[in-house]
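To start, the structure under review is shown below, and the notes come after it.
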Amino acid sequence: MPTYARLPVMFDRGEGAWLWDKQGKRYLDAVAGVAVCSLGHAHPAVHEALCAQAGRLLHTSNLYQIELQEQLADELAQASGLDSAFFCNSGAEANEAAIKLARRYGHLRGIDKPALVVMEGSFHGRTLATLSATGNAKVQEGFGPLVEGFIRVPYDDLAAIEAVDHPDVVAILVEPIQGEGGVRIPGADYLPRLRQICDRRQWLLMLDEVQTGIGRTGMLFAFQHDAILPDVFTLAKALGNGVPIGACMARGIAAEMLTAGKHGSTFGGNPLACSAALAVLKTVRENHLAERAKTLGARIAADFRSQFVNNPHVVEVRAKGMMIGIELDRPCSELVAQALEEGLLINVTAEKTIRLLPPLILTDEEAQLLVSRLGALVSRYTAN
Ligand code: PLP
């Protein structure tokens, strides 16, 4: 189906932060499969784990106990401070699990039509419930009727949430940083205050960490910058470094909602996917990749800021770890094809924001190359 407006390139192989196309041309990958390949391409630890597991056992189904799934759940629980995990295959599915969990929490509290507070500019996926939660009219257009039960407020606006006066609200679903929405980083007190509001109102605080999770922002999970615990958070993307896996993590009462028969997934948490995710977590931990994301991301952002200091068309450089946004004063999606020509993979989101999600294993030299190549492109683009 013509679902994607694909760029005219087909990649043949990858290694680290580099991809090669069919003609042998080399590209520096500053998108990493949209925040997926955080360990870069063809990482030996993932390669080895997958080959070993493929020769042993791929899949048995969730009818039976799965040792690697239990190990992965334990590791994620220990690393996050939450209690339990439900495994699936994508970010949208992880958020579906969170939405179902929140609704059930509402029903158990005697609320017949539970509602979730969601944000303008958010992105939570393309299934019917997650596109209904998503704050982007383009994503929803032509797919009505939408799933009901979402109350939308502006992002990074605590007063708007305080003003929600609706007895059916059971949870807030929010991204710690909006990725698709334009790399929007909320104020420092946003998540801690949301935590307080949720505690006071007995709402679940549910964080969509599908894009921010697994070291991307400089901590293993973005909420760890703030020393708070959500009741629920979701993961996918970088968890498998390219092997499809998603997770919905929960604690306390939220972890008790999805009991036997209430939810499920044929593939979710199968031995192959879990072997990849375990290799990813081990590699991120042993190589201190979250810390690396923090320092290198800050340096890249500082280099871009000094490069653009005299360019009035660059509105802002925003970054938390290796989640970097460069907002221009004009739509700039054409930059993607221009960068491709020059052997650089970038992304543009929210029309005017260049989004960089480089692999966390990027070297200092590769980071410099990214800054100089993209810096020159942006200067040329805004000069016209
Ligand atoms: N949530 C966030 C924050 C995302 O960025 C995305 C994908 O971009 C999703 C959910 C959906 O994930 P998937 O495409 O794996 O369903």
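The values are calculated or read from the model by the stated rules, or taken from the named source; none is laboratory data. Source: prediction; values computed, not measured. We place every Cβ from the backbone using ideal geometry, glycine too, and count neighbours over all the protein chains shown. Note: accessible area is taken over every heavy atom of the protein model, side chains too, but ligands, DNA and RNA are not part of it. Shrake-Rupley method; radii C 1.70, N 1.55, O 1.52, S 1.80 Å.
Working only within segment 89-118, note down all residues that are away from the ligand (no atom under 16 Å from the Cβ), part of a loop (DSSP other than H, G, I, E, B) and not hydrophobic (A, V, I, L, M, F, W, C).
Correct list: Arg109, Gly110, Asp112, Lys113, Pro114.
So which pairs qualify, if the first residue must be in segment 46-64 and assigned by TED's automatic domain parsing to the domain that holds His263, the second must be open to solvent by 80 Å² or more (accessible area, probe 1.4 Å), the Cβ gap must be under 8 Å, and the two must be at least 6 apart or on different chains?
That search, which allows pairs on different chains as well, returns His59/Phe267; Ser61/Thr266; Asn62/Thr266.
Out of Val183, Val164, Val170, I need the residue that is open to solvent by less than 20 Å² (accessible area, probe 1.4 Å), of a type in the set (A, V, I, L, M, F, W, C) and more than 24 Å from Tyr105 (Cα to Cα). Which one? Walk me through it before giving the result.
On the way: Val164 fails: more than 24 Å from Tyr105 (Cα to Cα); Val170 fails: more than 24 Å from Tyr105 (Cα to Cα).
Going through Val183, Val164, Val170 in turn, the sole match is Val183.
I'm checking my understanding of the structure. Among residues of segment 123-144 that are part of a loop (DSSP other than H, G, I, E, B) and open to solvent by 50 Å² or more (accessible area, probe 1.4 Å), which one is farthest from the ligand (Cβ to nearest atom)?
Gly144
Quick check on this structure: which one of Phe233, Phe223, Phe267 is in a helix (DSSP H, G or I) and either of a type in the set (Phe, Trp, Tyr) or modelled with pLDDT under 95 (or both)?
Just a single option satisfies the conditions, and that option is Phe223.
Looking at Gly121, Gly55, which one is out of contact with any Phe, Trp or Tyr (no Cβ under 8 Å at 6 or more places or on another chain) and among the small types (Gly, Ala, Ser)? Before you say what the answer is, go through the steps one by one.
Numbers: Gly121 fails: out of contact with any Phe, Trp or Tyr (no Cβ under 8 Å at 6 or more places or on another chain).
Being out of contact with any Phe, Trp or Tyr (no Cβ under 8 Å at 6 or more places or on another chain) and among the small types (Gly, Ala, Ser) holds for just one of Gly121, Gly55, which is Gly55.
Could you please find all residues in segment 228-252 being within 14 Å of the ligand (Cβ to nearest atom) and open to solvent by 10 Å² or more (accessible area, probe 1.4 Å)?
Lys237, Asn241, Gly242, Val243, Pro244
Read through the list (1) more than 23 Å from Gly325 (Cβ to Cβ); (2) within 10 Å of the ligand (Cβ to nearest atom), then give the number of the only condition that Gln196 fails.
Exception for Gln196: condition (2).
Which one of these is closer than 22 Å to His124 by Cα and either part of a loop (DSSP other than H, G, I, E, B) or basic (Lys, Arg) (or both): Leu82, Leu39, Leu7? Steps first, answer last, please.
Numbers: Leu39 fails: closer than 22 Å to His124 by Cα; Leu7 fails: closer than 22 Å to His124 by Cα.
Of Leu82, Leu39, Leu7, the one residue that is closer than 22 Å to His124 by Cα and either part of a loop (DSSP other than H, G, I, E, B) or basic (Lys, Arg) (or both) is Leu82.
Yes/no matrix, rows are residues, columns are (1) surrounded by 14 or more Cβ atoms within 10 Å (Cβ to Cβ); (2) over 20 Å from the mean Cα position of the chain (by Cα):
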| site | (1), (2) |
| --- | --- |
| Leu289 | yes, no |
| Thr295 | no, no |
| Val309 | no, yes |
| Glu341 | no, yes |
| Ile346 | yes, no |
| Leu360 | yes, no |
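Please give the number of the condition Leu7 fails out of (1) open to solvent by less than 60 Å² (accessible area, probe 1.4 Å); (2) touching a residue at least 12 places away in the same chain (Cβ under 8 Å).
(1)
Report, by residue number, each residue of segment 192-220 that is open to solvent by less than 10 Å² (accessible area, probe 1.4 Å) and not in a strand (DSSP E or B).
Of everything in segment 192-220, those that are open to solvent by less than 10 Å² (accessible area, probe 1.4 Å) and not in a strand (DSSP E or B) turn out to be Leu194, Ile197, Cys198, Glu209, Thr212, Gly213, Ile214, Gly215, Arg216, Thr217, Gly218.
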